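Right, one structure below, let's go through it.
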Amino acid sequence: MAEITSGETLGGRGSISSDHINREFADQMTTASCNWRILRSMISSKALLLLPALFVGLTSILIAGCGDRRESFYPSLADASKDGAITRGWIPDDLLPGSSRAIHEVHELSPSTEWCAFEFSPTDSQGLKTNLKSVDALPPPVRRVPSPGVSWWPAVLKGNLDIEKIHRAGFELYVIEKPATSVTTDILLFAIDWPKGHAFFYRTSESGSVPSPGS
């Protein structure tokens, strides 16, 4: 009687050996592994392609978050007037000397705040001096000045203000209060270096009683 070997079955020549089955199984596993690597590579490639779009979206969000702040520069007071900055109320031409130049300005609409720097001719300062009120103590709304996030604003005028430190830096401090609306008052803090013709002002507003023009 013939002995049935591992390569045969009772079915004769149409039988499949176990070695052949193992090879096919190994081939299928290898193919599946290869396909998975290709699919993973495709997913990674698509993710990389999406990165620029994600970056643009994130940038748009960041810009929108800082979109309330606007910065401008004017070589002269006349340039500020041409741009409409005086009409819009950001550059107070009734206070700044006519010789004002190199005017930097940044403001926020909500809350209404402004930071401004300008240079002027020391011989053209009388009108500005007439409108300013020297102070020994700062009003509460301007005791602390938030940073505008620009390079031209001096460090000595950021955060909780130290009057003595500001004086040592060469600046004299002045305050102007004037009506903004029927229920709000604009408070402007000026820091001025008269001999050098350098000036800065910070503007904020507060609600409450509005001072009369003569006060």
Checklist entry - Considering only residues of segment 162-181 that are acidic (Asp, Glu) and modelled with pLDDT of 95 or more, which is nearest to residue 133 (Cα to Cα)? => result 172
Item to check | Candidate set: segment 92-127, residues that are surrounded by 19 or more Cβ atoms within 10 Å (Cβ to Cβ) and among the aliphatic types (A, V, I, L, M); chosen: the one nearest to residue 157 (Cα to Cα) | outcome: 117
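Of all residues in segment 60-111 being modelled with pLDDT under 90 and hydroxyl-bearing (Ser, Thr, Tyr), which is nearest to the chain's Cα centre (by Cα)?
60
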Checklist entry - So is residue 133 among the basic types (Lys, Arg), surrounded by 14 or more Cβ atoms within 10 Å (Cβ to Cβ) and modelled with pLDDT under 95 or not? => result no
Item to check | Single match in 188, 128 (criterion: closer than 21 Å to residue 91 by Cβ, touching a Phe, Trp or Tyr at 6+ places or on another chain (Cβ under 9 Å) and in a strand (DSSP E or B)) | outcome: 188
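Limited to segment 80-110, what total is found for residues that are of a type outside the set (Asp, Glu) and not in a loop (DSSP other than H, G, I, E, B)?
Residues flagged as of a type outside the set (Asp, Glu) and not in a loop (DSSP other than H, G, I, E, B) within segment 80-110 amount to 9.
Any residue that is in a loop (DSSP other than H, G, I, E, B), in the same structural domain as residue 77 (by TED's automatic domain parsing), buried (at least 18 other Cβ atoms within 10 Å of the Cβ) and of a type outside the set (A, V, I, L, M, F, W, C) - is there at least one of those in segment 141-149?
The answer is yes; a qualifying residue exists.
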Checklist entry - Is it the case that some residue within segment 186-206 is of a type in the set (A, V, I, L, M), loosely packed, with under 14 Cβ neighbours inside 10 Å, modelled with pLDDT of 95 or more and under 27 Å from the mean Cα position of the chain (by Cα)? => result no
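The values are calculated or read from the model by the stated rules, or taken from the named source; none is laboratory data. None of these values were measured; they are calculated from a predicted model. Reconstructed Cβ throughout: ideal geometry from the backbone, glycine too, with neighbour counts over all protein chains shown.
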